[in-house]
Amino acid sequence: MIILKNYINGALAAPTNNKYIDGYEPATGKVYTQIPDSVDADVQLAVDAATKAFPIWSNLSNLERSKYLRKISELIEKKLPELAKAESVDNGKPLKLASSVDIPRAVDNFHFFATAIEHFASESHFMEQTAINYTLRRPIGVVGCISPWNLPLYLFTWKIAPALATGNCVVAKPSEITPMTAYLLSEICIEAGLPAGVLNILHGTGPNVGSAIVSHPKIKAISFTGGTSTGKNIASIAAPMFKKLSLELGGKNPNIIFEDCDFDAMLKTTVHSSFANQGQICLCGSRIFVQKSIYEKFKNAFVEKVSQLKIGDPLTDVNIGAVVSKAHQEKILSYIQLAKEEGGNILFGGNKFIPNDERCREGYFVEPTIIENLDYRCRTNQEEIFGPVVTITPFDTEEEVLTMANSTEYGLASSIWTNNLQKAHRVAERIESGIVWVNCWLLRDLRTPFGGVKSSGVGREGGWEALRFFTEPKNVCIKY
Ligand code: NDP
């Protein structure tokens, strides 16, 4: 049994109450870790350590901070196989996905922000013959970073790296469901010689540790990724305290397929955008809209391709592993039941999956599921399921598909498949989402603004946006 520890003031520490939570391996359904069930007292220790470290860390030069971040990036890269296996075991995702996407991206996150801070500059505004204004951008102080379970180290480092690069000290919490790689990151930070208190990682539940971070008066900004209802709750506590807030929330992303697309390229990517990471990526295209003239062709080809996906033990060569928890498996299955009640026709999947091998018989698997014949306004098409479940819906015109695509409360990401340039620009402009991919999916440039509109979030991550979020601008006006 692996017993995790918090990382406070540069050292690993047991929770003050000495209480632990069971951590499960989703592929087997068995407990394999003990996770600190931290409370307010642990948050206080972390805030004290971060407050003490802040004057020193924030006064290092950008280059000096950058060196620490590069070192962490190098160590993550060096330990890639170990971290990828830990991520796969902890989350249920295929090992090959963790090895090719999750951990390489954590390496990139630290490397990207280590170099970005060296190029970050602030504005100056010249007033003819009167004065010059320049903007100072200083770190905020102690900030909180809270991340979800679907891309554990990937999203955790996406927040921590820009916060540290800009000179803030951090109190961070990974999801209690997938804390393993965040714990391993603590060991890496110790090995990298990161000064004590600069980064503190606390394990425990959202209601205990998460809300203690959000409501702590000395934590001046919160960067959160997770569900929309949790985001709402966090905003209700943080906003009256005038904390800076960045909220990356849920999605119900449309994938719009026009008859004039490159069919083969679209089909290959659509299988991926529907079921990668068991559909548990906030950017997955869960509502697929297909122009009527190619609807039947798409439906048959899509079902055929999805039927070839291998599902099973994530540590073997599979396309689909386990979903993250029993509760989540039950939630997904309940949505498939709801889809049936709403008149949906299950074209493929629709059930719990039980692998043949003994090791995974109690694991949390769900078949990739394709549903048609649902009204775009029904709950299945409006609420986030966050699993390997997609609906397909035919459409006639651009106008009609835009109405359907824009009908949900969400607005995170979207995909458009067409070879008509004017149409691509028109639809991209009118679609209500923070991210639009044309003839691709999840093609990421870390410099671009990342985030959603409507109930998918507030603020943007990525590139300068992240560095601006984690700094306070101050205008200095000098009269001639
Ligand atoms: P949750 O909102 O349940 O949890 C996210 C994090 O917040 C976890 O660390 C959780 O802790 C913590 N938390 C829970 N309650 C509170 C609270 N009251 N105060 C402070 N922190 C709290 O999301 P999930 O982990 O279930 O992640 C899935 C969701 O994340 C989906 O909706 C998905 O769309 C969204 N997401 C959005 C992304 C984006 O970029 N927009 C990217 C990836 C995911 P714990 O789990 O330990 O209880």
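The values are calculated or read from the model by the stated rules, or taken from the named source; none is laboratory data. As the structure is a prediction and not an experimental result, all values here were calculated from the model. Here the Cβ positions follow ideal geometry from the backbone for every residue, glycine too, while neighbour counts run over all protein chains shown. Quick note on the areas: whole protein, heavy atoms, side chains included, nothing else; ligands and nucleic acids left out. Shrake-Rupley method; radii C 1.70, N 1.55, O 1.52, S 1.80 Å.
The spacing between the stretch 422-480 and the stretch 46-68, judged by their C-alpha centroids, is 27 Å.
Debye-formula intensities of the stretch 84-138, expressed as log10 I(q)/I(0) at q = 0.14, 0.17, 0.26 Å⁻¹, are -0.58, -0.67, -0.94 (one equal scatterer per alpha-carbon, no solvent). To the nearest ten degrees, helix 103-119 and the longest principal axis of the Cα atoms of the chain are 50 degrees apart. Gain on full extension, evaluated as 0.36 nm per residue between C477 and I237 minus their Cα-Cα distance, stands at 82.9 nm. In terms of packing, defined here as the mean over residues of other Cβ atoms within 10 angstrom, the peptides 149-157, 440-448 line up highest first as 149-157, 440-448. Each label was represented as a point 7 Å from its Cα along the Cα-to-Cβ direction; for Q422 and V453 these points are 2.3 nm apart. Annotation for the stretch 333-409 versus the stretch 184-254: alpha-carbon center distance of 31 Å. Within the straight-line cut-off of under 13 Å between alpha carbons, the aspartates and glutamates reachable from K232 are E248, sequence neighbours fewer than 8 places apart in one chain being disregarded. Partners of K474 within straight-line reach, counting lysines whose Cα lies under 25 Å from its Cα and excluding those fewer than 8 residues away in the same chain: K52, K159, K218, K220, K243, K244.
The distance between label points at Y32 and R359 comes to 0.8 nm (points 7 Å beyond Cα on the Cα→Cβ vector). Relative to the longest principal axis of the Cα atoms of the chain, helix 263-275 runs at roughly 60 degrees.
Of all DSSP beta bridges confined to the chain, the antiparallel ones make up roughly 45%.
Just the protein heavy atoms count here, and of the accessible area of the stretch 253-445 at 1.4 Å, carbon and sulfur take up 48 percent. A 1.4 Å probe run over the chain, with the rest of the protein chains in place, finds 40 Å² accessible per residue.
Treating r as the C-beta distance of E383 and E128 and R0 as 60 Å, the FRET efficiency rounds to 0.60. In terms of overall dimensions, the C-alpha atoms belonging to the stretch 253-445 reach 54, 33, 31 Å along their principal axes, ordered largest to smallest.
Taking max minus min of the alpha-carbon positions on each principal axis, the chain gives extents of 67, 66, 40 Å, largest first.
Summing Cβ point charges (Lys, Arg +1; Asp, Glu -1) relative to the Cα centre of the chain gives a dipole of roughly 1160 debye.
For the stretch 253-445, lysine pairs separated by 8 or more sequence positions, or belonging to different chains, with Cα-Cα distances below 19 Å total 12.
A dipole drawn for the chain from +1 and -1 charges on Cβ atoms has a positive end, and of L443, L374, W464 the residue lying farthest that way is W464. By DSSP, the beta bridges lying fully in the stretch 253-445 are antiparallel in about 20 percent of cases.
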